[in-house]
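What follows is a set of notes on a single structure, which appears directly below.
Rule-based calculations on the coordinates, nothing more; no lab input. Computed from a predicted model, the values in this text were never measured in an experiment. Cβ sites come from the backbone with ideal geometry, for glycine too, and all protein chains shown count toward neighbours.
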Amino acid sequence: MILGTKARYAVMAMVELAGREPGVPVALADLAESQEIALPYLEQIFAKLKRAGLVQSVRGPGGGYVIARQPQDINVAEIIDAAEENMKMTR
């Protein structure tokens with residue numbers, strides 16, 4: 001399976017978000033820096049993840065994003081679907 005850039009970045013960012021302290025919002029700027037992804041690109045991806053109900057945004061000082069459900073209840077296919085990427089199947 002070959003993932004597109006958006007899907008790959010979405011999966012990587014969600015894995016990192018899941019590894020952070022539960023319930024503590026993570027700023028997208030921090031995720032963008034640690035994942036070496038351009039912030040505007042990551043903002044587009046997280047808007048899609050939010051629409052799909054995979055993440056929730058927290059406003060205000062110390063705000064950011066948190067995972068909307070338990071990490072073990074989210075599968076990679078949901079993240080790829082939310083990023084709206086087509087998968088290419090290979091041998």
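Mind giving me the nanometre distance, one decimal, between the label points for Ala18 and Ala47, set 7 Å out from Cα along Cα→Cβ?
For Ala18 paired with Ala47, the spin-label model returns 2.6 nm.
Report, to the nearest 10°, how far helix 5-19 tilts away from the longest principal axis of the Cα atoms in the chain, using its own Cα long axis and a range of 0 to 90°.
In the chain, helix 5-19 runs at an angle near 40 degrees to the longest axis.
Roughly how many nanometres apart are two label points built 7 Å out from the Cα toward the Cβ at Glu33 and Arg69?
3.2
Of [x] 47, 28, 21; [y] 52, 18, 18; [z] 55, 30, 20, which one was derived for Cα extents along the principal axes in Å from the structure shown?
Structure-derived value, by its label: [x].
In whole Hz, with x marking every Gly and Pro, tabulate ³J(HN,Hα) for region 46-63 from phi via Karplus 6.51 cos²θ - 1.76 cosθ + 1.60, θ = phi - 60°.
Going residue by residue, I get 5, 4, 5, 5, 5, 4, 7, x, 8, 10, 10, 9, 10, 8, x, x, x, x Hz, with x marking Gly and Pro.
Just how large is the dipole of the chain about the Cα centre, in debye to the nearest 20, putting +1 at every Lys and Arg Cβ and -1 at every Asp and Glu Cβ?
It works out to roughly 240 debye.
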